[in-house]
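First up is the structure itself, then whatever we jot down about it.
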Amino acid sequence: MSNQIRTRMAPSPTGEMHVGSMATLLKNYAYAKKYSGQFILRIEDTDKEREVPGGVQAIQEVIRRYGLDWDEGPGKGGDYGPYIQSERLAIYQREVQQLLDNDKAYYCFCSKERLAAVKEQQLAAKVAPRYDGHCRHLTQDEAKTRVEAGESYVIRLKVPENQEIVFTDLLRGEIRFHSNLIDDQVLLKSDGYPTYHLAVVIDDHLMEITHIMRGEEWISSTPKHVLLYQAFGWEVPTFAHIPVFLNPDGKGKMSKRKGMVSAISFLERGYLPEAMLNFFMILGWAKSDQEEVMSLQEYIREFEPSDLSSNSVAFDLVKLNWLNGVYIRKLSLEELADRIKPFVPAAFPSQKLMAVLPLIQERLVTLADFADLTKFFYGTISYDATVLLKKATPELVIMQLQQTVSLLQAMNTWDTATIETAIRQLQEEKDWHKGQYFMMLRLAVTGEKATPPLFETMQVIGKDVVLERLQQALTLLQKL
RNA sequence: GGCCCCAUCGUCUAGCGGUUAGGACACAGGGUUCUCAUCCCUGUAACCGCGGUUCGAUUCCGCGUGGGGUCACCA
């Protein structure tokens with residue numbers, strides 16, 4: 001149990017899980033799996049103001065819907081629980097007392113108003129805004145008296161002066177910060193809850209996390225965490241800060257303002273979870289043979305955090321679309337039918353589903369394209385009759401339609417091969433222009449100029465409806 | 001603005017001192033074909049700049065420039 005790789009993902013239930021979080025989660029998951037370690041899910045719900053109802057459940061659900069899972073965490077248990085921070089308050093209180101006793105932290109009684117005023121002054125003086133250390137030198141006794149008198153307080157980290165803080169990042173090597181630039185971070189809030197910085201260090205240590213893979217946006221808080229590990233006298237784990245996703249245009253961190261960023265929303269828009277995961281894999285990392293389409297198993301086998309690229313990457317939706325198409329085409333008809341169910345309109349005649357699917361499978365970019373690609377298989381169609389006259393006179397088209405109607409009416413069997421043979425024969429006999437005739441039929445039968453192959457489509461639509469629509473075309477033309 | 005990170009085709013990357021700088025997506029052209037899509041072939045396209053180090057820099061170092069992150073009793 002001691003030399004095992006243990007990774008974790010620690011989301012907050014403050015809203016929908018971001019795709020960036022899911023991508024980070026995948027890396028933590030894969031790394032633990034690769035070395036037969038454990039991947040832990042921990043809920044960081046220390047901000048009770050921002051917490052959304054159902055948030056904890058939603059996190060678990062979206063992870064599962066992406067086909068991933070955790071070894072320890074909510075609903076699973078484990079030897080290091082509880083895995084929800086709000087249930088660990090006593091632990092933080094206990095540990096922070098250690099810091100206080102060892103003069104590594106101090107009580108701070110400054111009001112929010114005073115803090116705001118200080119910050120304002122600093123900004124005006126063009127100085128980096130940070131806590132001015134007002135309460136830093138209060139004696140233990142003094143602090144105790146004020147606490148006992150019921151004064152509101154927070155506990156701050158006593159950041160050492162003139163010290164260089166160095167830590168190693170798996171992707172970037174050594175990163176150094178100077179302690180004089182680091183704020184005396186609040187560790188325990190006035191409501192008794194820990195801040196992220198306190199809780200994350202205590203929990204990662206107590207849960208024996210060996211590798212912390214998290215977003216790059218955490219680099220600047222890492223020195224605070226290192227200071228905390230040192231203050232506690234704990235071993236510092238290995239860090240790997242994963243580059244953030246940029247907007248598809250490559251400008252700025254991917255944000256809600258520029259489109260949907262929640263992990264669940266991509267599934268709801270018809271992206272396959274395996275395509276999403278594959279996309280996360282190849283953003284910022286490449287397999288040794290450069291192959292981009294790969295399974296989770298292959299990824300787990302090959303992934304190595306130190307091979308991750310250290311620059312931010314654009315969330316290229318065009319490439320995602322390509323990958324999603326690749327995965328849709330890989331699906332068996334049965335699987336596709338199952339997956340596409342939520343996207344099938346209520347009006348769609350379900351008995352036709354299995355016949356329609358092979359005709360649209362290679363045309364689907366997302367599962368949500370189903371409705372658009374299949375609307376002419378049922379219901380009524382409408383189009384401008386003049387499109388039927390492309391490259392032909394009204395007389396010719398009317399004749400073509402009439403003869404096609406007679407031909408089809410006389411058919412005893414209605415299968416693709418029979419329809420195709422008969423229509424091709426007619427076209428050749430009459431020496432009609434192939435492109436013109438077939439396109440005209442396609443429009444008359446579907447109302448669309450881009451459809452699956454004509455004969456298969458006619459077969460699925462059914463003889464009665466096809467004849468009806470050819471008649472409708474004739475009627476329209478005669479009215480012109 | 002301070003601090004930190006980053007820098008190869010439009011995008012994601014391979015490269016780890018000597019290469020015709022490779023691949024994928026996208027794009028363009030062609031083939032297959034009843035349209036679209038799929039599939040196949042071909043092509044356009046990159047080492048941010050300037051100094052060093054070196055016999056030799058895309059590769060190592062410095063500076064500049066550009067991009068990104070972060071500066072809460074939020075995570």
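The values are calculated or read from the model by the stated rules, or taken from the named source; none is laboratory data. Because the structure is a prediction, the values reported are computed rather than measured. Here Cβ is always computed from backbone atoms with ideal geometry, including for glycine, and neighbour counts include all displayed protein chains.
Among helices (runs of 4 or more DSSP H) entirely within region A:352-461, having at least 2 residues that are away from RNA strand B (no atom under 12 Å from the Cβ), over 43 Å from the mean Cα position of the chain (by Cα) and surrounded by 14 or more Cβ atoms within 10 Å (Cβ to Cβ) singles out A:394-409, A:416-430.
Residue pairs whose Cβ atoms lie under 8 Å apart, separated by 6 or more positions or on different chains, with the first residue in region A:175-186 and under 13 Å from A:H225 (Cβ atoms) and the second within 6 Å of RNA strand B (Cβ to nearest atom) and of a type in the set (V, I, T), are A:I175/A:I219; A:Q185/A:T195.
Taking every residue in region A:125-150 that is without any contact (Cβ under 8 Å) to a residue 12 or more places away in the chain and pairing it with any residue that is part of a helix (DSSP H, G or I) and exposed (fewer than 13 other Cβ atoms within 10 Å of the Cβ), at least 6 positions away or on another chain, the pairs with Cβ-Cβ distances below 6 Å are A:P129/A:L123.
For region A:239-253, the count of residues that are within 15 Å of the chain's Cα centre (by Cα) and of a type in the set (S, T, N, Q) is at least one.
When A:S265, A:S310 are screened for being surrounded by fewer than 17 Cβ atoms within 10 Å (Cβ to Cβ), among the hydroxyl-bearing types (S, T, Y) and within 12 Å of RNA strand B (Cβ to nearest atom), only A:S310 passes. Residues in region A:335-351 that are assigned to a helix (DSSP H, G or I), of a type outside the set (D, E, K, R) and under 20 Å from A:R269 (Cβ atoms): 5 in all. Answer yes or no as to whether A:I264 is outside the structural domain of A:H211 (by TED's automatic domain parsing), under 18 Å from the mean Cα position of the chain (by Cα) and over 27 Å from A:T14 (Cβ atoms). So A:I264 does not fit the description; no.
The set of residues in region A:189-221 being of a type in the set (S, T, Y) and either closer than 21 Å to A:G73 by Cβ or under 25 Å from the mean Cα position of the chain (by Cα) (or both) consists of A:Y193, A:Y196, A:T210, A:S220, A:S221. Scanning for something within 18 Å of A:G192 (Cα to Cα) and loosely packed, with under 10 Cβ neighbours inside 10 Å, does region A:141-148 turn up at least one residue? Scanning region A:141-148 turns up at least one residue that is within 18 Å of A:G192 (Cα to Cα) and loosely packed, with under 10 Cβ neighbours inside 10 Å.
For region A:269-283, the set of residues classified as more than 15 Å from A:L26 (Cβ to Cβ) and of a type in the set (D, E, K, R) consists of A:R269 only. Reported count of residues in region A:38-51, each being within 12 Å of RNA strand B (Cβ to nearest atom) and in contact (Cβ under 8 Å) with a residue 24 or more places away in the chain, is 9. Only one of the numbered conditions (1) more than 16 Å from the chain's Cα centre (by Cα); (2) within 14 Å of RNA strand B (Cβ to nearest atom); (3) not hydrophobic (A, V, I, L, M, F, W, C); (4) not in a helix (DSSP H, G or I) is not met by A:G284, and that is (1).
Can you work out which of the residues in region A:64-105 that are in contact (Cβ under 8 Å) with a residue 12 or more places away in the chain and of a type in the set (G, A, S) is surrounded by the fewest Cβ atoms within 10 Å (Cβ to Cβ)? Out of the qualifying residues, it is A:G75. The set of residues in region A:211-246 being of a type in the set (V, I, T) and part of a helix (DSSP H, G or I) consists of A:I219, A:T222, A:V226. Applying a threshold of 8 Å to beta carbon distances and a minimum spacing of six or more residues, or different chains, the list of pairs starting in region A:284-303 at a residue that is under 14 Å from A:K27 (Cβ atoms) and ending at one that is within 9 Å of RNA strand B (Cβ to nearest atom) and aromatic (F, W, Y) reads A:F303/A:W285.
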